[in-house]
Amino acid sequence: MDGENRTTHDAVDDPRNRDIRIYVNGDLVHRDDAKVSVYDSGFMLGDGMWEGLRLYNGTWAFFDAHMDRFFDSCKTVSLDVGMDRAGILEALNRTAEANGMTHDVHCRLMVTRGVKARPFQHPSLSRSGPTLVIIMEHSRPVDKLHAAGISLATVPQVRGLPMSQDAKLNSHSKLNCVIASLQAEQAGADEALMLDPHGFVNTTNACNFFIVRKGEVWTSTGDYCMNGVTRRNVIDICRDNGIPVFEKNFSLLETYGADEAFLTGTFGAQTPVATIDGKRIGSDDRPVTTRIQTLYRALVARETGIQPG
């Protein structure tokens, strides 16, 4: 570690973000005035779902895949969003227009079960309808992460079984990942590498995790991690371009011996991993990761109509 605190969500500072407008239940208000009730079920219990999206060239990348995940998650916990995906798209576009945003924009779409009548757990106490908030920022990942790579530490906190809290749910209840982040920080790393309940390598606290061994790309089975949209796109890219890719169980032994490792997420796309538990992963030459990054940029360009170059 060089003493500098890094995360996969490090962004270039943009002063325009100090005056952004935030969508709160249909109103567009200055960030300083964007508030929800202390009785809101999201604040009180973490009872809500969220989705991260990126805007390129005026188009929300992979919108349908994100909405599939968002609405599936809400249905799983019987959370009525209060609008369909066309309504969500209209709200996203309203917010982007109010902020003059068209490109290199990151969005956090959040819905909770709404304001509770009394400060207790039962969902029936949320009677006012859902709370919907959209935060958009001018947001471009810092370039140096892709050059230097990120450091990970294996942590004792694991992603649990589906019958405890299914890791596939993009819920507001992120304490599991927050604890993992703290453990990684205490170990002197940027982010946490989390194992599954059986001890196999799984995911990080914020992103999906991949390794490259002898030209093959490996990632976890997906049984105990967020099934990321970027994760799925990378798997599909590999299959479409003759890169062997496997969703499988693998251990730390195989991870430490990997030729390359990288993380995937909506914000950072593919972020190289430099070290895990202090062990150098491969070298600065990451040919498979670099090829996947190039293919992914081409996919985003096709999806959003960005002109090459």
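Scan the range 239-256 and give yes if some residue there is assigned by TED's automatic domain parsing to the domain that holds A153, buried (at least 23 other Cβ atoms within 10 Å of the Cβ) and in contact (Cβ under 8 Å) with a residue 40 or more places away in the chain, otherwise no. Yes: the range 239-256 contains one or more residues that are assigned by TED's automatic domain parsing to the domain that holds A153, buried (at least 23 other Cβ atoms within 10 Å of the Cβ) and in contact (Cβ under 8 Å) with a residue 40 or more places away in the chain. Here S128 clears all of (1) exposed (fewer than 14 other Cβ atoms within 10 Å of the Cβ); (2) among the small types (G, A, S); (3) modelled with pLDDT under 95 except the condition numbered (1). Condition check for M110 on (1) exposed (fewer than 15 other Cβ atoms within 10 Å of the Cβ); (2) touching a His at 6+ places or on another chain (Cβ under 8 Å); (3) hydrophobic (A, V, I, L, M, F, W, C): one failure, at (1). From the list T204, T221, T230, the lone residue that is modelled with pLDDT of 95 or more, closer than 28 Å to A298 by Cα, hydroxyl-bearing (S, T, Y) and surrounded by fewer than 22 Cβ atoms within 10 Å (Cβ to Cβ) is T221. Filtering P272, P197, P287 for residues that are surrounded by fewer than 20 Cβ atoms within 10 Å (Cβ to Cβ) and closer than 29 Å to D68 by Cα leaves a single hit, P197.
Inspect the range 100-107 for any residue being modelled with pLDDT under 95, on the phi > 0 side of the Ramachandran plot and either of a type outside the set (F, W, Y) or out of contact with any Lys or Arg (no Cβ under 6 Å at 6 or more places or on another chain) (or both) and give the result as yes or no. So far as the range 100-107 goes, yes, one or more of its residues are modelled with pLDDT under 95, on the phi > 0 side of the Ramachandran plot and either of a type outside the set (F, W, Y) or out of contact with any Lys or Arg (no Cβ under 6 Å at 6 or more places or on another chain) (or both).
Residues of the range 248-274 that are in a helix (DSSP H, G or I) and among the acidic types (D, E): E254 alone. Of the helices (runs of 4 or more DSSP H) lying entirely inside the range 54-167, those containing at least 3 residues that are aromatic (F, W, Y) and assigned by TED's automatic domain parsing to the domain that holds V36 span 63-76.
The values are calculated or read from the model by the stated rules, or taken from the named source; none is laboratory data. Fair warning: this is a prediction, and the values are worked out from it, not measured in the lab. Virtual Cβ from ideal backbone geometry, glycine too; neighbours counted across all protein chains shown.
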